[in-house]
Each structure stands twice: as C-alpha cells, then as structure tokens.
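Following: one structure in structure tokens, then a few remarks.
Only the coordinates and a few stated rules stand behind these numbers; no lab work does. The model shown is predicted, which means the values in this text are computed figures rather than measured ones. All Cβ positions, even for glycine, are placed from backbone atoms using ideal geometry, and neighbour counts span all protein chains on display.
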Amino acid sequence: MNFVAPLWLAAAGLVGAGVLIAHLFSSTVPPQDVLPTVRFIPESTPLTVMRSRRVSDRLLLLLRLLAVALLGFALSGAHVSRRAPSGIVLIDASRAVASLPLSVDSALAISIAGSEFVVFDSTARRVTRDELRELGRASARGSLSAALVVAHRIVAGTAGGEGTQLVIVSPTVAEEMDSAVAPLIGLWQGPVRVVRVAAAAQPAQGSWDMRVSGDDPVAAALAGVPKGSGAATVRLLRTPASRADSQWTETSGGVLVVWPANSGSLVRRAVADSQGGIASSRAVVVAQFARAEQPREGRPVARWIDGEPAATERPLGRGCIREVAIPVDVAGDIALRESFRAVARSLLAPCGGTPDFTSSHVIPSRSAAAVIPSRGAARNLATAGTLPLWLATLAALALIVEQALRGRGRRAA
Amino acid sequence: MLRTSAAASLTPYAELLDSLGGLTWPSQVRVRAGDPGSHRSNRLGRSPEFTEYRSYRPGDDLRRLDWKLFGRTDRLYLRIADDHAALRTSIIVDASASMRFPVEGYGKWEHACAIALGLTSVAISDGDAVGISVATSVGERAIPPRRRRDVLHDISELFRSIDVSGEASMAGAVERLVSAPRLVVITDFLGEAERALGALRVAAASGAEIFAVHVVAETEMSPPERAFMASDPERPEFRRAMSDENRSRYLETFAAWRGRVAGELHAMNGNYRMTTTAEPVRDVVRRVVLGGAS
C-alpha cells in the first residue's frame with residue numbers, strides 16, 4: 001500500500017495515542033441526579049471522581065481508534081498500487097480503416113505479453129484479446145485523442161507506468177486527429193510506436209438530385225455541381241418533404257436535405273432578426289440574412305455568425321436528415337456568389353461530414369504537454385482513486401456508531 | 001350536586017373520594033361559636049338537643065327556663081343544650097420545586113394534591129368551609145373558604161394550573177392564615193422549615209388546630225444504591241455526591257431531621273403525619289382525620 005501524503009498517517013498515529021492515553025487516565029464523574037434532600041448528604045464527602053487505571057470503555061476506544069486510523073489512511077491518500085501493463089495497443093476501428101481484421105492481426109502480432117487493448121472509433125473502450133476477433137468496423141469518424149485518454153487512465157495509479165509501451169495501430173488520417181493528440185502523446189512516459197495500416201479509399205462524390213418548384217436560387221447556386229450517375233445518395237428538397245422521402249432516407253442510407261423555399265416549414269424562432277453571415281466547414285458567406293426560423297436539434301453543420309446553428313443533421317434509419325434554415329432571396333445575387341455556392345455544396349456532404357482520409361503524422365509534443373499545470377497533482381489524484389473516499393466514509397460510520405454507543409451509555413448511567 | 005364538568009375534572013380522584021365517604025373529621029376541642037355545623041361549640045345554646053339542667057341564677061335569660069319542670073317541682077331550672085358550629089379549615093399546599101420529585105411519574109406533588117382533595121372532601125361532608133392556598137414560586141394562589149361541594153372541582157382545577165418550580169414561601173402562607181381555626185399544611189418541609197415551623201407555632205398559640213402532613217418520596221427515604229451527584233431542584237448549583245460510603249449517614253441525618261420536625265409540631269400540640277408517596281392516599285387521610293399513628 002502506498003500513500004500520497006504520509007504525514008497525515010503520522011498525525012493520525014499521534015491522535016490515536018492521545019485517545020488511548022485519555023482512556024487510560026480518564027476521570028469518571030458520576031451521573032447527575034436530582035434529590036430534594038441533598039442537604040442531608042454529609043458535606044464533608046468529596047465529589048466522587050474516580051480515576052481509572054485500566055483501559056475504560058474498550059468498545060468506544062476501539063471505535064475511536066478505528067475512526068482515527070481510517071481518517072489517517074483517507075487523508076494520507078492510501079492506495080493499493082497495481083502493476084502497469086507492459087504495453088497498451090490502440091486499435092483503430094473507425095471508418096478510416098481499410099480492413100479491420102488486418103489491423104487486428106497487426107496489433108496481435110506486434111503486442112507483447114501482458115498488453116492491454118483499446119479499440120476506438122468516435123469513442124474508445126478496453127477489450128480483451130478474445131474480443132478482438134469479434135470487432136466490426138464502425139461507420140463513425142475516429143478520435144485518436146479519446147483512445148489516448150483511455151490509455152492514460154489505464155496506467156494512472158499503477159506502478160512502473162514509465163515502462164509501458166504505447167502502440168497505435170491506425171491509418172492516422174487527418175479526420176481523427178485533433179489538437180489534444182500531440183499533448184497526450186507528449187505526456188506518455190514510455191515508448192510510443194505507431195503502426196500505420198492501410199486507410200480506406202476516399203469515397204467518391206455521390207450522386208444527388210433536387211426537387212424544386214419554379215425558379216429557385218439554390219438550384220442556381222448548385223447548377224455547376226455534377227449530379228453524378230446512378231441512384232442518388234443525396235436528395236435536396238426545396239418543397240415540403242413527404243413520407244416517401246423519409247422512407248427513402250431510412251432504407252437507402254442517403255442524405256435528405258430539407259431546405260424549404262418558403263418559410264413556415266421549420267421551427268419558428270421566438271424573435272425574428274437578421275444575421276450578417278453563415279459559416280460552414282468549407283466556406284463563410286458574408287451577407288445579410290433574415291432569420292425567422294431555426295432547424296431542429298441535431299449536429300450543427302452550418303452556423304450563423306452568432307454561433308447558433310443554421311443547419312443541423314440528425315440520424316434517421318440508415319441515413320440522416322439535414323435541416324437548413326438559411327433563407328435565400330430570389331431577387332438577390334447571394335446565390336451566385338462563390339462563397340454561398342461552397343456552403344451549399346458542403347450541405348450535400350454524406351452523413352457525418354465528408355471523410356478526410358488524407359494521411360497525417362502523429363508527432364508527440366512534450367512542450368504542449370508541459371502547459372498542463374497540475375500534471376503532478378493530477379497524477380496524485382488519479383493515483384489515490386476512490387479508496388480514500390471509502391475510508392473516510394467508513395470513518396464517519398465508525399464515529400456515528402461511537403456517538404450512538406456513547407448516548408446509550410449515558411442513558412444507562 | 002356537582003356540575004358535570006366538575007365531576008369530569010375529579011374523575012382521577014373518584015376512587016379516593018368514594019372511599020372517604022362517611023368519614024368525619026371532628027374537632028379536637030370545642031370550637032368557637034359561629035355558623036351552624038357539626039362541631040361542639042364552646043357556647044351553650046338552645047338547640048333541641050338536650051344536655052343538662054342548671055339552677056336558675058339571677059340574670060339568666062328567663063326564656064330558657066323550663067316552665068313545665070317548674071310546674072312539677074316548683075323550682076326554677078334552666079334547660080341547657082350544646083351549641084354546634086362549623087369549623088373553617090384552611091389547607092396550605094407546598095408547590096416548590098422539591099415537591100416535583102420524582103420528576104417522572106407519581107411524585108410528592110401529586111400525592112399532596114390527592115391528600116388535600118381528600119381532606120377537603122371529608123371537611124365539606126362535615127359541613128365545614130374549606131379554603132385552599134398553594135404556595136408557589138411566584139406567590140400564593142388561593143381559593144377562599146367555601147362550604148359548597150363544588151369547591152372540590154375548583155381546587156382540582158387550581159392544582160392542574162400550578163407550575164411546580166422554584167422556591168415557594170410556605171412560611172408566608174402560614175403567616176397569612178395564622179387566625180384560621182384549623183390549619184392543614186401539606187409540605188416536604190424542605191424550604192424554609194424553621195420559619196414555617198415558627199409561623200405554625202404562632203398559629204397554634206392562637207388556638208388553631210394544626211395538622212402537618214409531611215410528604216416524603218420513596219427515593220428520598222431510600223436513595224438508589226449507586227454513586228451519583230445529587231443536586232437540589234430548588235438550587236441546582238447545590239450539589240453533593242451520594243456514594244455507598246455516605247448513604248447510611250444520609251439516612252441517619254434525614255431521619256433525625258424528620259424526628260426534630262415531628263418533635264417541634266408535637267411541642268406546639270400540633271398533629272404531625274409523615275407519609276411517603278408509596279402510601280395510599282386514603283390511608284393518609286384516615287390517619288389525619290382519625291388521629292392515627294404519626
């Protein structure tokens with residue numbers, strides 16, 4: 001058992017000794033009672049104060065010592081240290097992986113005895129060696145930082161974490177990198193090894209179609225976008241959506257873009273106002289838009305300049321519905337601007353956004369890790385775990401029982 | 001007849017009052033002339049109840065001459081009959097904190113109240129007027145002497161309204177009732193005992209019949225056989241330790257003090273009755289009115 005702050009243990013020892021001494025040399029004042037004829041008790045009798053040379057109230061003493069010891073252990077951050085695993089293998093199971101069985105084979109081949117396995121897509125979880133064969137590739141985007149956090153949690157509170165090897169089995173594509181990846185790898189104390197596996201092929205732009213009535217500015221904006229061949233994977237509606245559209249989305253896995261030409265089809269805002277621009281992942285449009293409606297709850301795919309979603313996406317069956325609350329004036333020239341056309345094109349992306357499977361490098365950043373100010377304290381807290389909390393709870397219970405016993409003793413007296 | 005509400009307030013005492021039916025409380029001496037009652041008066045009167053003849057002396061009231069006897073004997077005799085008068089009874093009850101003992105359950109105060117009601121019932125049955133005075137820490141609470149039976153209810157209600165606490169001046173109450181023909185004091189004598197006894201001595205010298213009912217708790221007679229710090233309920237800061245070593249000395253001192261109080265009362269020709277809370281109230285009342293062993 002290790003301690004984060006052993007000084008508290010020494011303090012608890014001192015308090016415990018004091019309690020023991022108090023029980024050895026305690027004086028007992030007899031209980032008080034009313035007696036109207038007290039005047040007839042001989043005056044010369046001294047107050048009955050009995051000194052005990054033996055340990056008195058042994059049960060109470062035991063409870064008090066137990067409470068003090070538990071509090072001491074709790075405050076000193078007692079914890080049982082586990083042995084860190086020899087290695088941690090992070091296996092990418094996101095959509096970016098070309099073949100997950102091949103990735104698993106690579107992971108098993110390169111893992112050393114006693115390794116832990118972490119599988120990640122948009123989230124990360126620990127799996128056993130046996131479970132690896134049953135994994136399936138996810139359609140979600142990968143997040144390497146989520147997997148790194150799980151790896152850090154595994155080695156937290158263990159002894160010998162500095163020797164744990166971190167193996168990343170992933171195509172390390174751009175879409176699964178974020179700003180936390182480099183610092184998290186920089187924090188890793190052991191060796192880091194990246195096993196790059198084949199990335200999935202970048203999906204081709206799917207075909208799309210559009211349903212409009214009459215002259216439509218959005219149709220004009222998307223006029224230059226090739227519609228592709230074969231069955232459509234994206235359906236943009238400028239007219240009200242029907243039941244058939246929803247069924248198509250559920251069964252085909254396509255994207256249904258609901259972008260009503262007329263107001264009144266979406267959720268009306270409490271206060272209508274105007275905004276000076278829209279931003280999507282690809283472009284920014286600076287122009288004045290009247291904002292009277294809003295899309296329903298979902299993942300934002302375009303925002304107004306005040307941060308509110310202008311378009312959201314929510315899953316429906318195998319596909320998704322994308323609601324766009326951007327009014328386009330027929331009379332203006334906004335639809336013809338290149339920035340607006342870029343925004344409109346971004347709304348035709350597949351569910352979850354356009355995959356970006358371009359290769360990226362995993363570069364550990366020690367300097368980025370150093371900006372985390374409470375690195376040591378965080379490690380200590382993580383090391384202590386929940387054991388001190390349980391110890392403190394047990395100490396409180398012991399004190400409650402001690403109080404109850406003391407009260408019963410008084411009543412009996 | 002008692003009112004319905006009055007009867008309800010006396011329900012706890014019903015058994016006691018019932019058991020005292022037929023009991024009388026005769027005066028030990030001839031009482032002074034007054035309202036008609038059941039006690040022999042110190043004045044000879046003209047009641048139909050014949051007592052004796054006496055020879056006529058000049059100055060006697062001619063209306064009391066027995067003319068029939070004069071016709072037969074040719075001598076002048078006066079027809080003499082005893083006069084009967086009522087005896088006003090005043091009962092003083094101590095409501096100091098020492099009377100609230102034991103604190104829980106039936107204690108000295110409850111015992112004293114029952115005794116007072118029992119004595120009142122007997123006195124009223126004799127046709128005597130009974131008044132009650134309760135000495136409390138905030139002064140005296142009193143009901144003036146009355147002969148009507150519903151005074152029992154009023155006394156019961158008065159007892160229920162009393163806050164038994166603090167120090168009460170029994171001596172003051174006795175001093176105010178020093179002229180009462182019959183004075184009953186129900187107390188534990190743990191307050192100003194000397195002053196109260198002095199006032200009783202004055203009352204006795206004035207010709208009053210004195211009855212002192214000394215109420216003692218069983219726990220006072222036999223304290224718990226364990227060590228404890230005893231405190232005076234009237235003066236909580238006054239504390240002494242009771243232990244196995246000094247229990248016997250306590251009992252001796254307490255008994256000696258009771259003997260001295262009894263001696264003082266006997267010396268003033270008073271009636272001293274000691275009772276513990278364990279004694280049935282009926283027996284206490286009988287001992288008081290019939291003059292049983294003290």
Using only alpha-carbon positions, what ratio does the radius of gyration of segment B:160-285 give when scaled by 2.2 N^0.38 Å? 1.16
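Counting only other chains, and only Cβ atoms inside 10 Å, what mean value do you get across the residues of B:217-227?
Across the residues of B:217-227, the mean count of other-chain Cβ atoms within 10 Å is 3.
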Over the C-alpha atoms of segment A:115-176, what are the Rg and the largest Cα-to-Cα span, Dmax, in Å? 12.3, 37
Taking B:ILE155, A:ILE110 and counting other C-beta atoms within 10 Å, the order from fewest to most: A:ILE110, B:ILE155
Intensity falloff of chain B expressed as log10 I(q)/I(0), Debye formula with alpha-carbon point scatterers, at q = 0.08, 0.15, 0.17 Å⁻¹: -0.42, -1.13, -1.38
Over chain B, with a Gaussian network built from C-alpha contacts below 10 Å, which listed residue (B:HIS266, B:HIS153, B:HIS39) shows the highest mean-square fluctuation? B:HIS266
Among the DSSP beta bridges whose two residues both lie in chain A, what percent are antiparallel, rounded to the nearest 5? 50 percent
R0 = 35 Å: FRET efficiency of B:ASN269 with B:LEU76, Cβ-based, nearest 0.05? 0.30
Please check: in the Gaussian network model of chain B (C-alpha springs, under 10 Å), which one of B:LEU251, B:LEU177, B:LEU117 has the largest mean-square fluctuation. B:LEU251
Reference-scaled alpha-carbon Rg (2.2 N^0.38 Å with N residues) for the protein assembly as shown: 1.99
Quick P(r) readout (segment B:96-190; Cα-Cα; 10 Å bins; whole %) gives 15, 51, 30, 4
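Give the order of B:LYS108, B:LYS68 when sorted by the count of other beta carbons within 10 angstrom, beginning with the fewest.
B:LYS68, B:LYS108
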Neighbour-count order for B:ASP74, B:ASP154, B:ASP94, fewest beta carbons within 10 angstrom listed first: B:ASP74, B:ASP154, B:ASP94
Per residue of the protein assembly as shown, what 222 nm ellipticity follows from adding -39500 (n - 2.57) for every DSSP H run with n ≥ 4, rounded to the nearest 500? -10000 deg cm²/dmol
Mean Cβ neighbour count within 10 Å, used as a protection proxy, ranking A:112-118, A:319-325, B:13-19, B:87-93 highest first: B:87-93, A:319-325, A:112-118, B:13-19
With springs only between Cα atoms under 10 Å apart, run a GNM on chain B and tell me which of B:PRO233, B:PRO181, B:PRO224 wobbles the most. B:PRO224
What is segment A:120-201's relative contact order, in percent, from Cα pairs under 8 angstrom and six or more apart in sequence? 32 percent
So which cysteines in the protein assembly as shown don't have a second cysteine's C-beta under 4.7 Å from them? B:CYS113
P(r) of segment A:169-308 over all Cα-Cα pairs, binned every 5 Å from zero, in whole percent: 2, 7, 11, 15, 16, 13, 11, 9, 7, 5, 3, 1, 0
By DSSP, what percent of the beta bridges with both residues in the protein assembly as shown are antiparallel, rounded to the nearest 5? 45 percent
What percent of all Cα-Cα pairs in chain A falls into each 20 Å bin, going from 0 up to the bin containing the maximum distance? 20, 32, 25, 14, 8, 1
